[in-house]
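Only one structure is covered here, and it is reproduced in the block below.
The values are calculated or read from the model by the stated rules, or taken from the named source; none is laboratory data. These figures come from a predicted structure and were not determined experimentally. For accessibility, only protein heavy atoms count, side chains too; no ligands or nucleic acids. Shrake-Rupley method; radii C 1.70, N 1.55, O 1.52, S 1.80 Å.
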Amino acid sequence: MQIIRLPQVQEMTGLSRVTIWRYELAGSFPARVNLGPNAVGWVMAEVENWLLARPRGVIAAPGGRAGGRFGAKPSGPVESQLLAEADAVLGSD
């Protein structure tokens, strides 16, 4: 079992530290492993499996929206809020 630290998780997923934390709280990201009093990591295989299970991008039909600016469909309250915030920042079509 290989344990990876936060910078590696961020590089693999493209997610920020805060987003990883939010996904963990929502139960939609692999749980961290306590390595010591001030150190945590993640099991690499669990992070890889999480990435493989992520839905691929969906392109909305012209004139319609499949759910959010990028066609993503939220799978929980955290994702719904993040997509709503992204739409607010980026603007809706």
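Of the solvent-accessible surface of region 1-60, computed with a 1.4 Å probe over protein heavy atoms with every protein chain present, carbon and sulfur atoms account for 55 percent. For the pair Leu35 and Ala53 in one chain, pulling the backbone fully straight at 0.36 nm per residue adds 3.9 nm over the alpha carbon distance. Rolled with a 1.4 Å probe across the full set of protein chains, the surface gives Arg22 an accessible area near 90 Å².
Ranked by solvent-accessible area (1.4 Å probe, protein heavy atoms only, all chains present), the residues Leu52, Leu15, Leu35 order from largest to smallest as Leu52, Leu35, Leu15.
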